[in-house]
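K.L.:
Okay, here's the structure, questions in a sec.
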Amino acid sequence: MSVTHYEIALKELASRTEDIRPSDVVSFSEPLRSALNFAIRLGRFSLTEFAEKLEFTREEAGTLADLLVKRNLFEVTRFSTAEETYFQARISGGTRPLKRPPSDIWKKIE
């Protein structure tokens, strides 16, 4: 009897006792690694999107997402509804555009 990808991912997450950081993602097996990279880069995502990326059922993806919430990698957003749960990665890969400082910045500092 072969072990499924879901069982492997569940075992990897359940065996961890400390918080999961984005740098820990590389140590996970596929498809969990790719799905977590997707989620961290996206920042905010739904359970449906996470399940599609994992290619698991919604229930299986929900179980993994609950473990990731407990390990402080994800948090449930206030936009969640009864039909859909939305998550936010605690540290996202998204960046905001940088603005150039004003040309008279040194005058203001002095």
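K.L.:
Restricting attention to segment 25-84, and to residues there that are part of a loop (DSSP other than H, G, I, E, B) and in contact with a strand residue (DSSP E or B) (Cβ under 8 Å, 6 or more places away or on another chain), which single residue is nearest to residue 5 (Cα to Cα)?
P.N.:
First pass over segment 25-84, keeping only residues part of a loop (DSSP other than H, G, I, E, B): 28-31, 43, 55-57, 71-73, 77-84.
Narrowing the set further to residues that are in contact with a strand residue (DSSP E or B) (Cβ under 8 Å, 6 or more places away or on another chain) leaves 43, 73, 77, 79-80, 84.
Details: 43: 24, 73: 20, 77: 27, 79: 30, 80: 27, 84: 24 Å.
Among them, the one singled out is 73.
K.L.:
Enumerate the pairs (first residue in segment 60-72 and without any contact (Cβ under 8 Å) to a residue 12 or more places away in the chain; second residue anywhere and surrounded by 15 or more Cβ atoms within 10 Å (Cβ to Cβ) and of a type in the set (Lys, Arg)) with beta-carbon separation below 9 Å, excluding pairs fewer than 6 apart on the same chain, so at least 6 apart or on different chains.
P.N.:
none
K.L.:
Write out, first by first residue and then by second, each pair whose Cβ atoms fall under 8 Å of each other, whose residues are 6+ apart or on separate chains, and whose first residue, in segment 39-50, is of a type in the set (S, T, N, Q) while the second is in a strand (DSSP E or B) and open to solvent by 70 Å² or more (accessible area, probe 1.4 Å).
P.N.:
That search, which allows pairs on different chains as well, returns 46/86.
K.L.:
Under 9 Å by Cβ, and 6 or more places apart or on different chains, what pairs join a residue from segment 1-28 that is among the aromatic types (Phe, Trp, Tyr) with one that is surrounded by fewer than 14 Cβ atoms within 10 Å (Cβ to Cβ) and outside any helix (DSSP H, G or I)?
P.N.:
That search, which allows pairs on different chains as well, returns 6/57.
K.L.:
Follow-up. Of all residues in segment 1-24 being of a type in the set (Ser, Thr, Tyr), surrounded by fewer than 17 Cβ atoms within 10 Å (Cβ to Cβ) and over 16 Å from residue 71 (Cα atoms), which is modelled with the lowest pLDDT?
P.N.:
Step one: filter segment 1-24 for residues of a type in the set (Ser, Thr, Tyr), giving 2, 4, 6, 15, 17, 23.
Subset that is surrounded by fewer than 17 Cβ atoms within 10 Å (Cβ to Cβ): 2, 4, 15, 17, 23.
Narrowing the set further to residues that are over 16 Å from residue 71 (Cα atoms) leaves 2, 4.
On the way: 2: 71, 4: 90.
My answer is 2.
K.L.:
Turning to a different aspect of this structure: Looking only at segment 25-72, filter to residues that are loosely packed, with under 15 Cβ neighbours inside 10 Å and farther than 19 Å from residue 86 by Cα; which one of those is nearest to the chain's Cα centre (by Cα)?
P.N.:
Among residues in segment 25-72 that are loosely packed, with under 15 Cβ neighbours inside 10 Å and farther than 19 Å from residue 86 by Cα, the one nearest to the chain's Cα centre (by Cα) is 26.
The values are calculated or read from the model by the stated rules, or taken from the named source; none is laboratory data. It should be emphasised that the depicted structure is a prediction, and the values quoted were computed from it without experimental measurement. Cβ coordinates were reconstructed from backbone atoms using ideal geometry, including for glycine residues, and neighbour counts include every protein chain displayed. Quick note on the areas: whole protein, heavy atoms, side chains included, nothing else; ligands and nucleic acids left out. Shrake-Rupley method; radii C 1.70, N 1.55, O 1.52, S 1.80 Å.
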